[in-house]
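The values are calculated or read from the model by the stated rules, or taken from the named source; none is laboratory data. Because the structure is a prediction, the values reported are computed rather than measured. Note that each Cβ is placed from the backbone with ideal geometry, even for glycine, and that neighbours are counted across all protein chains shown.
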Amino acid sequence: MTDDLIARLAHDLKPVSSHAVAAHIASALAIGLVVSAGLMLVMLGARPNLAEELGSSSFILKVSYTLALGSLGLWATSRMARPGEDGRLALSIVPAVVGLIAIAALIGYANAASETRHQIVFGSSALVCPIYILALSIPLLISIIVVMRRMASTRPQLAGFSAGLMAGGLGALVYSFHCPEPGVPFVALWYSSGILGTALVGTALGGRYLRW
């Protein structure tokens, strides 16, 4: 009886592609990025001198930093979407990335003229920068959480943190196409705050919605 039942249950099973997880996550990313970019353009608009700034050191720094954190979050998320896997290696690199920009920020602050130090730290948008990053990250975070609910993460809170890190990094990347602030200390402090805020939201959502 048991063998017959197992045979009937397994009769219509089809193998799952080894790339299924990557495909689902890629689809979620694509949807989230389109929505996030659309929100940025409608709510804030791209900076008017964007074409001139694309090759500037400040823009390259923003893109490099946010893309690095977003990629590490994506790596960790893709690992933890599978049962028994973890993203510790990817997450262990995050402090090094944050530490590098913190060192660059301290050097920039120390070398700046005293009358410009307040500007390179706070700019004109310090209070709203983390809020905008969080807002632009939410579509990405929701998309990836929805996809991960169909998977089998065994560490839901850490998986949520990784998803939030990914969403925060990529949301900050989208925001950089609007942000006029050139200061490295500004990016190190306020971009990091927005990304961390998104990661914490992801942790809360993961703990609630990614449990089996």
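The combined condition, being modelled with pLDDT under 90 and of a type in the set (A, V, I, L, M, F, W, C), is not fulfilled by residue 190. Of the residues that make up segment 77-84, is at least one assigned to a loop (DSSP other than H, G, I, E, B), of a type in the set (A, V, I, L, M, F, W, C) and farther than 16 Å from residue 153 by Cα? No, segment 77-84 contains no residue that is assigned to a loop (DSSP other than H, G, I, E, B), of a type in the set (A, V, I, L, M, F, W, C) and farther than 16 Å from residue 153 by Cα. Checked against the criterion of being within 14 Å of the chain's Cα centre (by Cα) and either under 18 Å from residue 31 (Cα atoms) or among the small types (Gly, Ala, Ser) (or both), segment 145-152 contains one or more residues that satisfy it. Considering each residue of segment 69-81 in turn, none proves to be surrounded by fewer than 16 Cβ atoms within 10 Å (Cβ to Cβ) and under 21 Å from the mean Cα position of the chain (by Cα).
Yes or no, residue by residue, for (1) under 22 Å from residue 71 (Cβ atoms); (2) buried (at least 24 other Cβ atoms within 10 Å of the Cβ); (3) not aromatic (Phe, Trp, Tyr):
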{"site": "99", "(1), (2), (3)": "yes, no, yes"}
{"site": "108", "(1), (2), (3)": "no, no, yes"}
{"site": "132", "(1), (2), (3)": "yes, no, no"}
{"site": "146", "(1), (2), (3)": "yes, no, yes"}
{"site": "166", "(1), (2), (3)": "yes, yes, yes"}
{"site": "173", "(1), (2), (3)": "yes, yes, yes"}
{"site": "181", "(1), (2), (3)": "no, no, yes"}
{"site": "192", "(1), (2), (3)": "yes, no, yes"}
{"site": "201", "(1), (2), (3)": "yes, no, yes"}
